[in-house]
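A.B. asks: Shown below is the structure under consideration.
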Amino acid sequence: QVQLVESGGGLVQSGGSLRLSCAVSGRTFSWYMGWFRQAPGKEREFVATISWIGSSTDYADSVKGRYTISKNNAKTTMYLQMNSLKPADTAVYYCAAARRKITASPASADYWGQGTQVTVSS
């Protein structure tokens, strides 16, 4: 059983930064990890992904150059460093894990965390 627990959300002013963490437990040695987000009234959307092996990353165009996804060497925690935040980044951010490569589709995820709220004020 894989468990994902997010933390680090909060309220920040436009232009500010936040770092989200996702604590990972369970057997995920060669899995793929990622972040999605969902704003009120909108569908869940892909943000970024990283491979547990090799640390290959990919980002949504809307966050490229502002967000950085990373992991610790023990592969027990994944991070999302968010800089230059905008009000449009306001959403619940979800950690995701998958046996196969995570794509832009939420259906590519096998497990989800409970989500953490990020609110960016203008």
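Residues are listed down the side, and each one gets a yes or a no for (1) surrounded by fewer than 16 Cβ atoms within 10 Å (Cβ to Cβ); (2) closer than 23 Å to Val2 by Cβ; (3) out of contact with any helix residue (DSSP H, G or I) (no Cβ under 7 Å at 6 or more places or on another chain):
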| residue | (1), (2), (3) |
| --- | --- |
| Ser25 | yes, yes, yes |
| Thr57 | yes, yes, yes |
| Val63 | no, no, yes |
| Ile69 | no, yes, yes |
| Tyr111 | no, yes, yes |
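A.B. asks: Report yes if some residue within the stretch 29-48 is assigned to a helix (DSSP H, G or I), surrounded by 12 or more Cβ atoms within 10 Å (Cβ to Cβ), more than 12 Å from the chain's Cα centre (by Cα) and not polar (S, T, N, Q); otherwise report no.
C.D. replies: There is no residue in the stretch 29-48 that is assigned to a helix (DSSP H, G or I), surrounded by 12 or more Cβ atoms within 10 Å (Cβ to Cβ), more than 12 Å from the chain's Cα centre (by Cα) and not polar (S, T, N, Q).
A.B. asks: Which residues, taken from the stretch 71-109, are over 16 Å from Gln3 (Cβ atoms), open to solvent by less than 40 Å² (accessible area, probe 1.4 Å) and of a type in the set (A, V, I, L, M, F, W, C)?
C.D. replies: Leu80, Met82, Leu85, Ala91, Val92, Ile102
A.B. asks: So which residues in the stretch 93-122 are modelled with pLDDT of 95 or more and of a type in the set (S, T, N, Q), if there are any at all?
C.D. replies: Selection gives Thr103, Ser105, Ser108, Gln114, Thr116, Gln117, Thr119, Ser121.
A.B. asks: Sticking with this one: Within the bounds of the stretch 8-18, is there any residue that is assigned to a strand (DSSP E or B), at pLDDT 95 or above, over 17 Å from Tyr93 (Cβ atoms) and out of contact with any Phe, Trp or Tyr (no Cβ under 9 Å at 6 or more places or on another chain)?
C.D. replies: Yes, some residue in the stretch 8-18 is assigned to a strand (DSSP E or B), at pLDDT 95 or above, over 17 Å from Tyr93 (Cβ atoms) and out of contact with any Phe, Trp or Tyr (no Cβ under 9 Å at 6 or more places or on another chain).
A.B. asks: A further question on this structure: Check the stretch 64-79 and report whether any residue there is out of contact with any Leu (no Cβ under 9 Å at 6 or more places or on another chain) and in a strand (DSSP E or B).
C.D. replies: Checked the stretch 64-79: at least one residue is out of contact with any Leu (no Cβ under 9 Å at 6 or more places or on another chain) and in a strand (DSSP E or B).
A.B. asks: While we're looking at this one, here's another question. For Gly9, which of the numbered conditions (1) without any contact (Cβ under 8 Å) to a residue 24 or more places away in the chain; (2) in contact with a strand residue (DSSP E or B) (Cβ under 8 Å, 6 or more places away or on another chain) fails to hold?
C.D. replies: Against the list (1) without any contact (Cβ under 8 Å) to a residue 24 or more places away in the chain; (2) in contact with a strand residue (DSSP E or B) (Cβ under 8 Å, 6 or more places away or on another chain), Gly9 comes up short only on (1).
A.B. asks: Let me ask something else. Would you mind stating whether Phe29 is farther than 15 Å from Cys95 by Cα and either of a type in the set (Phe, Trp, Tyr) or touching a His at 6+ places or on another chain (Cβ under 6 Å) (or both)? Explain how you work it out, then say what you get.
C.D. replies: Values: farther than 15 Å from Cys95 by Cα: yes; either of a type in the set (Phe, Trp, Tyr) or touching a His at 6+ places or on another chain (Cβ under 6 Å) (or both): yes.
Here the answer is yes, as Phe29 does meet what is asked.
A.B. asks: Restricted to the stretch 2-23, and to residues that are on the phi > 0 side of the Ramachandran plot and more than 13 Å from the chain's Cα centre (by Cα), which residue is surrounded by the most Cβ atoms within 10 Å (Cβ to Cβ)? Lay out the reasoning, then the answer.
C.D. replies: Initial filter on the stretch 2-23 (on the phi > 0 side of the Ramachandran plot): 8, 10, 15.
Add one more test, that the residue is more than 13 Å from the chain's Cα centre (by Cα), and what stays is 10, 15.
Details: Gly10: 13, Gly15: 11.
Out of the qualifying residues, it is Gly10.
The values are calculated or read from the model by the stated rules, or taken from the named source; none is laboratory data. What you see is a predicted model, and the numbers here were worked out from it, not measured in a lab. Glycine gets a Cβ as well: all are built from the backbone with ideal geometry, and neighbour counts include every protein chain shown. With ligands, DNA and RNA removed, areas are computed over all heavy atoms of the protein, side chains included. Shrake-Rupley method; radii C 1.70, N 1.55, O 1.52, S 1.80 Å.
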